[in-house]
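**Q** A single structure is presented below for examination.
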Amino acid sequence: DGGITQSPKYLFRKEGQNVTLSCEQNLNHDAMYWYRQDPGQGLRLIYYSQIVNDFQKGDIAEGYSVSREKKESFPLTVTSAQKNPTAFYLCATARGRGGTEAFFGQGTRLTVV
Amino acid sequence: GQQLNQSPQSMFIQEGEDVSMNCTSSSIFNTWLWYKQDPGEGPVLLIALYKAGELTSNGRLTAQFGITRKDSFLNISASIPSDVGIYFCAGQFSSGTYKYIFGTGTRLKVLA
């Protein structure tokens, strides 16, 4: 069954802790993206990766880190340096060239308690 | 951060009415995408547009790629209650970075 799997669906974190969100895909897409969505707002780009072992900062990368060791996986770590981490996080993939569609996972809702 | 200007921000319509929304940018895109997002879920792709002037339909949905390559339009005909949700546009740059920039969303509410 092809697709993008984000886990967990809901995540609670204590202040000061790092937490890692998982994104796995079996679509054989080269490009992967992480977006943050706040209530009533659009999607803002955190990080993106067009090939394995390479990634670029998006518009709001501060307080986040990523790795791309495998084509299938693009985990996002929300560090304690992120001042307002409570949000809905969306992972997306694309074939990684111009003129292609992006597809999304189901999202992870992170809540800092 | 970069976001596209999408309007209207929200709209209430009666079931059976047609709906129009649009997205504008100061940048030129080589691809325009339209998504629908239900609460607590990831956005689902509705329509993809690849050429300036292109008009594409998907059931009751029709979208157009503006000829200036800086705007796009989505129309929904004969709306039904399940059309409720947030609609996002997205543009993909042609510069080689292949980033997608998203609109601020149009929240649609359909009154039965």
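The values are calculated or read from the model by the stated rules, or taken from the named source; none is laboratory data. Because the structure is a prediction, the values reported are computed rather than measured. For neighbour counting, all protein chains shown are included, and Cβ atoms are generated from backbone atoms with ideal geometry for every residue, glycine included. Quick note on the areas: whole protein, heavy atoms, side chains included, nothing else; ligands and nucleic acids left out. Shrake-Rupley method; radii C 1.70, N 1.55, O 1.52, S 1.80 Å.
**Q** Select from B:25, B:73, B:63 the residue farthest towards the positive end of the dipole of chain B; place +1 on Cβ of Lys and Arg, -1 on Cβ of Asp and Glu, and compute about the Cα centre.
**A** Projecting each Cα onto the dipole axis, the largest value belongs to B:25.
**Q** Once you mark the trypsin sites (Lys or Arg not before Pro) that are in a DSSP loop and have at most 12 other Cβ atoms within 10 Å, what is the longest gap between them in chain A?
**A** So the longest stretch without any such site is A:15-82.
**Q** Tell me, what % of the accessible area of the protein assembly as shown is carbon and sulfur with a 1.4 angstrom probe?
**A** 48 percent
**Q** Full-extension gain between residue B:7 and residue B:50, please, as 0.36 nm times their residue separation minus the C-alpha to C-alpha distance.
**A** Values: separation 43, 0.36 × 43 = 15.48 nm, distance 2.14 nm.
Separation in residues times 0.36 nm, less the Cα-Cα distance, equals 13.3 nm.
**Q** With charges set only on the Cβ (+1 for Lys and Arg, -1 for Asp and Glu), what does the dipole of segment A:18-59 come to about its Cα centre, in debye to the nearest 20?
**A** Charge dipole of segment A:18-59: 140 debye, to the nearest 20.
**Q** To the nearest hundred square angstrom, how large is the accessible surface buried between B and A, total for both chains, probe 1.4 angstrom?
**A** Summing both sides, the interface buries roughly 2100 Å².
**Q** Picking from A:18, A:53, A:31, whose Cα lies most toward the positive end of the charge dipole for segment A:1-76 (charges on Cβ: Lys, Arg +1; Asp, Glu -1)?
**A** A:18
**Q** Same structure again: Please name which of A:77, B:93, B:34 has its Cα lying farthest along the dipole of the protein assembly as shown towards the positive end, using unit charges on Cβ (Lys, Arg +1; Asp, Glu -1) and the Cα centre as origin.
**A** A:77
**Q** Let me ask you something else. Quick one: which residues, 5+ away or cross-chain, put their amide H under 5 Å from the amide H of residue B:98? H built at 1.01 Å from N.
**A** Excluding prolines and chain starts, which carry no amide H, the hits are B:93.
**Q** Another question, then. With +1 on each Lys and Arg Cβ and -1 on each Asp and Glu Cβ, how big is the dipole of the protein assembly as shown about its Cα centre, in debye rounded to the nearest 20?
**A** Details: 21 positive and 19 negative charges, 90 e Å.
Its charge dipole is roughly 440 debye.
**Q** Using unit Cβ charges (K, R positive; D, E negative) and no other charged atoms, how large, in debye to the nearest 20, is the dipole of chain A about its Cα centre?
**A** Computed charge dipole of chain A: roughly 200 debye.
**Q** Under a straight-distance cross-link criterion of Cα-Cα below 27 Å, which lysines are reachable from residue B:99, leaving out those fewer than 8 residues away in the same chain?
**A** A:9, A:57, A:70, A:71, A:83, B:36, B:51, B:70
**Q** In Å and on Cα atoms, what radius of gyration and Dmax does the protein assembly as shown show?
**A** Rg, Dmax (Cα atoms, Å): 17.3, 51.
**Q** Which order do A:10, A:35 take by accessible area at a 1.4 Å probe, largest first? Please report the intermediate quantities before stating the final value.
**A** Working: A:10 140, A:35 5 Å².
Ranked from most to least accessible, the order is A:10, A:35.
**Q** What do the square roots of 5 times the Cα gyration tensor eigenvalues come to for chain B, in whole Å, largest first, as semi-axes of the equivalent ellipsoid?
**A** In descending order, the three semi-axes are 24, 15, 12 Å.
**Q** Find how much the distance from residue A:81 to residue A:52 grows on full extension, using 0.36 nm per residue of separation minus their present alpha carbon separation; answer in nm with one decimal. Intermediate results must be reported in sequence, preceding the final value.
**A** Details: separation 29, 0.36 × 29 = 10.44 nm, distance 2.57 nm.
Computed gain between residue A:81 and residue A:52 is 7.9 nm.
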